[in-house]
1. In region 1-139, what % of DSSP beta bridges are antiparallel (nearest 5)?
2. List 267, 220 from most exposed to least, where exposure is judged by having the fewest other Cβ atoms within 10 Å.
3. What's log10 of I(q)/I(0) for region 1-102 at q = 0.11, 0.16, 0.20, 0.21 Å⁻¹, Debye sum over Cα points only, no solvent?
4. Remind me, relative contact order of the chain in percent, using alpha carbon pairs under 8 angstrom and six or more residues apart?
5. From the C-alpha gyration tensor of region 1-54, pull out the three semi-axes of the equivalent ellipsoid (sqrt of 5λ each), sorted largest to smallest, in whole Å.
6. Cα centroid distance between region 193-238 and region 244-290, in Å?
7. Specify, per residue and in Å³, the volume enclosed by the convex hull of the alpha carbon atoms belonging to region 29-166.
8. Would you mind calculating the relative contact order of region 182-257 from Cα pairs under 8 angstrom and at least 6 residues apart, reporting the percent as a whole number?
Ligand code: FAD
C-alpha cells in the first residue's frame, strides 16, 4: 500500500521507525522486535538505511519482513556518494521485494570520507528526480528547526520546496520536543507553497544523557519542562522510560487535537516503548470522529 493513500484517508495515523541489523549481526532479534511492533498495527513502518553503521544491504530485507508482518514498509535510501548504477541496483532490489514506498535522503558522509567523485548525487532532490519515473510513493526529510548545515530557515525551506516539486508525495520531520516549533514551521511551509502532507516525527526519549548530547549537536531545542525531566531522571532508566513515554504521548495527543493526523514515532527497535504509547492512545485512535 502506498503511504500517500494512507495519508489521504485523513484519519489519525501512527507509524514506527526501525533500523536493520549491522553488517554480520543476526537478523533474529531485529525481526522479533519488528514482529512485536507490527502487532501494534502502525499505519506503516520505516526502515533506516546506512544510519548509525547499520548495513545498507539489510534495509531491503528488513522492509520485506515488515511487509510479511502485514504492515506497509517505507524503505529509506541515501544517495550521498552513490553512483547512478548503484541506485539503479537498489531500485531493482526494492521492486523485487515488493516495496512501494521510499524515503529519499541525501545522508551524511562520514567525517573522514573522501569527497564523492563527480557525477554522484549532491542533494536528496537529485535522488527524487532519479526515482520519480519508477512509480514509487516518495517521501523526504524536513527540519522544523532548520537543517544544521543551512544557515537560514528561509533557504532551507526553499530547498525543501525544490525537493518536493521534484516529486515528493509527503515529508517527515526531524524530531522536535516543542510542538509550537512544529506548528510555526508547518505554517511557513504552507505559506511557501509546500502543500504535501507533513508527518510529525516524535522521539520518545528513554536515554536522557544521550538525547541531551544529540540535541546539542543537531540544534534541537530542549524545552525547560523536558530538560527538567532529563536532569532528574536521566540516570534512572526505568524512571526515564516512564517520563519519556509520557512526554511523547502528550506531544502526540496535542498534535492530534490540533488536527495533525500523521505522527511518526522513532521507536528505534524498542517494542516496549511503542506498546506503551499505543496503549495510551488506544481510545483516541479508535474514537468515532477520527
Ligand atoms: P537534503 O534535502 O539534500 O538537504 C541537505 C542540506 O542541503 C540542507 O541543509 C539543505 O538546506 C541543503 N540543500 C538542499 N538542496 C540544496 C541545493 N540545491 N543547493 C544548496 N543546498 C541545498 N540518514 C541516514 O543516513 N539514513 C537514514 O535512514 C536517515 N533517515 C532519516 C529520516 C528522517 C525523517 C530525517 C529527518 C533524517 C534522516 N536521516 C537519515 C538523516 C539525513 O540523511 C541527514 O539529515 C542529512 O544531513 C540530510 O539529508 P536530506 O535528505 O534532508 O538532505
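Where a number appears in this text, it was derived from the coordinates with a stated rule and is not lab data. Only a predicted model underlies this, so the values are computations on that prediction, with no experimental measurement involved. So basically every Cβ, Gly included, is an ideal-geometry build from the backbone, and we count neighbours across all protein chains shown.
1. 5 percent
2. Ordered from fewest to most neighbouring Cβ atoms within 10 Å, 267, 220 come out as 220, 267.
3. -0.32, -0.67, -1.00, -1.09
4. 20 percent.
5. Result for region 1-54: semi-axes of 26, 13, 7 Å.
6. Here the answer is 16 Å between Cα centres.
7. Once divided by residue count, the hull of region 29-166 is 129 Å³.
8. 35 percent
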